[in-house]
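Nothing in this text is a laboratory measurement; each read-out follows from the coordinates by a stated rule. It should be emphasised that the depicted structure is a prediction, and the values quoted were computed from it without experimental measurement. Cβ coordinates were reconstructed from backbone atoms using ideal geometry, including for glycine residues, and neighbour counts include every protein chain displayed.
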Amino acid sequence: MSVGTATIAGQTRRPGRRQTCYFCKSKITRIDYKDTETLRKFLTEYGRITPRYANGNCAKCQRALARAVKLARFMALLPYVGAVNVED
Ligand SMILES: [Zn+2]
């Protein structure tokens, strides 16, 4: 066994791992629902919010992001669903 706590798939998480949360890293304290350019970074081409294991966000920011995206959708700034191939 190596240093750190064991996680799924035999990977280990070391204590001094670099921060990967986009919002914490760039010191964004409030996630703005009007900032669709930033929010779009965390959406798939189908308009889904990427999961935490894919985007590396911390739990706190991921919750704030989800709220911001949902509000932005309601305000029609972001799509509920996008890039659907109708031809198939
Ligand atoms: Zn964060």
Practice task
Name the long-range amide H neighbours of residue 43: under 5 Å, sequence gap of 5 or more, or other chain; modelled H, no Pro or chain starts.
Solution key: 50
Problem - Relative contact order of the range 19-88, defined on C-alpha pairs under 8 angstrom at six or more residues apart (%) - result: 39 percent
Exercise for the section: Between residue 86 and residue 52, take the C-beta separation as r, use R0 = 35 Å, and let me know the FRET efficiency to the nearest 0.05. Expected result: 0.65
Problem - Under 21 Å from residue 70, Cα to Cα: lysines that are on another chain or at least 8 residues apart - result: 34, 41, 60
Problem - Value of Rg/Rh across the range 19-88 [Cα atoms, Kirkwood radius] - result: 1.00
Practice task
Determine the gain in length on full extension of the stretch residue 38-residue 18; use 0.36 nm per residue of separation and subtract their C-alpha separation, reporting nm with one decimal.
Solution key: 5.1 nm
